[in-house]
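The block underneath contains the structure these notes are about, expressed in structure tokens.
The values are calculated or read from the model by the stated rules, or taken from the named source; none is laboratory data. What you see is a predicted model; the values in this text were computed from it and never measured. Positions of Cβ are backbone-derived with ideal geometry, glycine not excepted, and every protein chain shown enters the neighbour counts.
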């Protein structure tokens, strides 16, 4: 089968490998769509934490079920899967948090991913297609990341939710904050992304961090209170550290984005707010099911996100361009 490997930062190569052999507890999938995510792009540029090379990238996937021991699944059935392979035994797994398993293997990050024709996955990770098409199924995972962050924040109707970063993960976070009833504020430095938030996602408020006094604008929007939920979806150290300044007293700050370095905060400022700081890693089956249900109800329109399409044989010639802001890419989708 044809495979695409990230050999080193900046280098992708096509190759040929054997179709994986079926084994107990696993199912064989024929990959049909691959969504290109920030993890893939960061791996390509050499800035992805917890990463080693060479690696087959790709974990935003849709597929046809081929064979295996997954109960009730039929050959040819459209599926996706939860790409965070957990051990099932550690304290996180035992307490219902397999998304942060102590021995987690994320497909396309810690183990080889789906940029190939066939992929073997744990049968327990499979998610039924529920009538969604392959494009929609490939977008379930990235949207689930945002849905999980919103669930961690316990967003309630009417509260102001500031989402920092209007990349694909941030956009999904905005969608599910809106679905939860939050009044969403999008903060970014890219006018095109902010216009996308306003025009396509109907985000109520947009703020350009390079052109506006962010703190003053947030006070204006929230009638002086500041947001009661702040969610970072940038992975930028500067943005994360600055985000502490935007919290209301009693607010919750959720870090969805990931960076390699130390957080720097003013303890007195954080303490006087009695603020809550939490991370949000990956997503759970509950989040995947919430995303699928939201798609089926028309609350989320997946086609909105797909701005670029290529065939599998065209990935190398296009991949580097997706790192450039001028490309205007929200989500690139690869078809097999």
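Here are the numbers for this structure:
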{"read-out": "Members of region 9-60 found to be touching a helix residue (DSSP H, G or I) at 6+ places or on another chain (Cβ under 7 Å), under 15 Å from residue 120 (Cα atoms) and surrounded by fewer than 17 Cβ atoms within 10 Å (Cβ to Cβ), listed by number", "value": "25"}
{"read-out": "Near pairs, Cβ below 7 angstrom, 6+ apart or cross-chain, from region 253-269 (exposed (fewer than 11 other Cβ atoms within 10 Å of the Cβ)) to any residue that is at pLDDT below 90", "value": "260/49"}
{"read-out": "Residues of region 1-19 that turn out to be in contact (Cβ under 8 Å) with a residue 24 or more places away in the chain and not in a strand (DSSP E or B), as a count", "value": "5"}
{"read-out": "Residues that are out of contact with any helix residue (DSSP H, G or I) (no Cβ under 6 Å at 6 or more places or on another chain) and either surrounded by 24 or more Cβ atoms within 10 Å (Cβ to Cβ) or over 25 Å from residue 154 (Cα atoms) (or both), drawn from region 171-184", "value": "171, 174, 175, 182"}
{"read-out": "Residue ID - nearest to the chain's Cα centre (by Cα), chosen from residues in region 51-80 that are closer than 21 Å to residue 4 by Cβ and in a loop (DSSP other than H, G, I, E, B)", "value": "59"}
{"read-out": "From the options 106, 121, residue that is crowded, with 21+ Cβ neighbours inside 10 Å, in contact (Cβ under 8 Å) with a residue 40 or more places away in the chain, in the same structural domain as residue 70 (by TED's automatic domain parsing) and not in a loop (DSSP other than H, G, I, E, B)", "value": "121"}
{"read-out": "Selection within region 150-170 - part of a loop (DSSP other than H, G, I, E, B) and crowded, with 24+ Cβ neighbours inside 10 Å", "value": "155, 165, 166"}
{"read-out": "Every pair of residues 6+ apart whose Cβ atoms lie under 7 Å, when the first sits in region 292-305 and is under 9 Å from residue 136 (Cβ atoms) while the second is in a loop (DSSP other than H, G, I, E, B)", "value": "292/130; 292/132; 295/132; 302/139"}
